Amino acid sequence: MNIESRAMRCLLYVLTACLAVVSAHAAHAQDYPARPVRMVIAFGPGGIADTIGRLVGQKLNDRFGQSFVGDNRPGAGGAIAARLVANAAPDGHTLLVTTTAVAVNATAVKDAVDPRSQLTPIAIAATAPTIFVVHRSVAAKSLLDYVRNVKKGRFNYGTAGVGTTEHLTSEYLFRAVPGLEPIHVPYQGGAAPVTAVVAQQVDLATTTIPTAFNFIKQGALRVLAIASHKRVATLPDVPTLAESGFADFENASWIAFFAPSFASRSVYGSVAFVSANVLVRGTAPGMFATQ
């Protein structure tokens, strides 16, 4: 079985487990939390994991009257944070906020934390499609026009780190086109590659809409394509990959909460319930759904 197949099985496990715990009975939540909760965020400030993690954390704080404190621990594609939480006490007072990278690492990196056995999936808080952004001065007609004609096939691109969804998506797409020679520039979080494009330190960033949204809104960045089967309501003028000269391809990164393995049922009910309500009531940034 290849890495892609193993990663998909791991992703499906996490998705199924999170759906199951959302229905955990709220009655178990009355004894949790007993003290401030540490949310270990697997990537740096300003990225999608940080943004969504702190948003949900604030709602948890409001609901339970205890502090849910974000603690950014970037590095190794989220592996450092995952290991820290896997080794923590299973009482729910140390949580992991991470992305799809935790499943990728489990299948592609030796001795990485396996979320199926070493963590307890609690809730998927949000998903966001991958986008490709360039500096506002770029006048290319499309993503393929930019990398093939403007950059003559040689270009670099930044992502939130090695093994992230954005990294794998870029490699999959660019390596499939003859004549392209992409160079990956990994960062320790989603905000850094975006600001690097604004500062013209890298040619392109593969990121998510929430991470780059403010720069897009300000006109500092151009979005050349979105990895979705159809356009999104937030950026209706941005073409899909199929419209941009690439094969039809859809990819999104999820942001999920995990606890150490064997965490109590009260943690399930509390965090999963609030995470679901943040989305249902529209508190999360309205930039995740397609038209």
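The values are calculated or read from the model by the stated rules, or taken from the named source; none is laboratory data. Note that the coordinates shown come from a computational prediction; the quantities given were computed from them, not determined experimentally. Note that each Cβ is placed from the backbone with ideal geometry, even for glycine, and that neighbours are counted across all protein chains shown.
Once the range 165-189 is narrowed to residues that are aromatic (Phe, Trp, Tyr) and in contact (Cβ under 8 Å) with a residue 60 or more places away in the chain, the residue that is farthest from residue 241 (Cα to Cα) is 187. In this structure, residue 143 does satisfy being at pLDDT 90 or above and outside the structural domain of residue 60 (by TED's automatic domain parsing).
Tell me yes or no: at least one residue of the range 167-179 is over 17 Å from residue 131 (Cβ atoms) and in contact with a strand residue (DSSP E or B) (Cβ under 8 Å, 6 or more places away or on another chain). Scanning the range 167-179 turns up at least one residue that is over 17 Å from residue 131 (Cβ atoms) and in contact with a strand residue (DSSP E or B) (Cβ under 8 Å, 6 or more places away or on another chain). Condition check for residue 193 on (1) surrounded by 17 or more Cβ atoms within 10 Å (Cβ to Cβ); (2) more than 19 Å from residue 138 (Cβ to Cβ): one failure, at (2).
Only residues in the range 236-251 that are in a helix (DSSP H, G or I) count as the first member; pair them with residues that are modelled with pLDDT of 90 or more and buried (at least 16 other Cβ atoms within 10 Å of the Cβ), Cβ under 8 angstrom, at least 6 apart or cross-chain, and list the lot. Sorted first by the residue in the range 236-251, then by its partner, the pairs are 243/142; 243/225; 244/142; 244/143; 244/144; 244/224; 244/225. Pick from the range 130-161 the residues that are under 22 Å from the mean Cα position of the chain (by Cα) and part of a loop (DSSP other than H, G, I, E, B): which of them is nearest to residue 229 (Cα to Cα)? Residue satisfying both the conditions and the ranking: 160.
The selection criterion, being assigned to a loop (DSSP other than H, G, I, E, B) and surrounded by 15 or more Cβ atoms within 10 Å (Cβ to Cβ), holds for residue 188. The listed residues are 197, 202, 223, and the only one of them that is among the hydrophobic types (A, V, I, L, M, F, W, C), in a helix (DSSP H, G or I) and closer than 23 Å to residue 44 by Cβ turns out to be 197. Only residues that are on the phi > 0 side of the Ramachandran plot and crowded, with 18+ Cβ neighbours inside 10 Å were counted in the range 141-181, giving 2.
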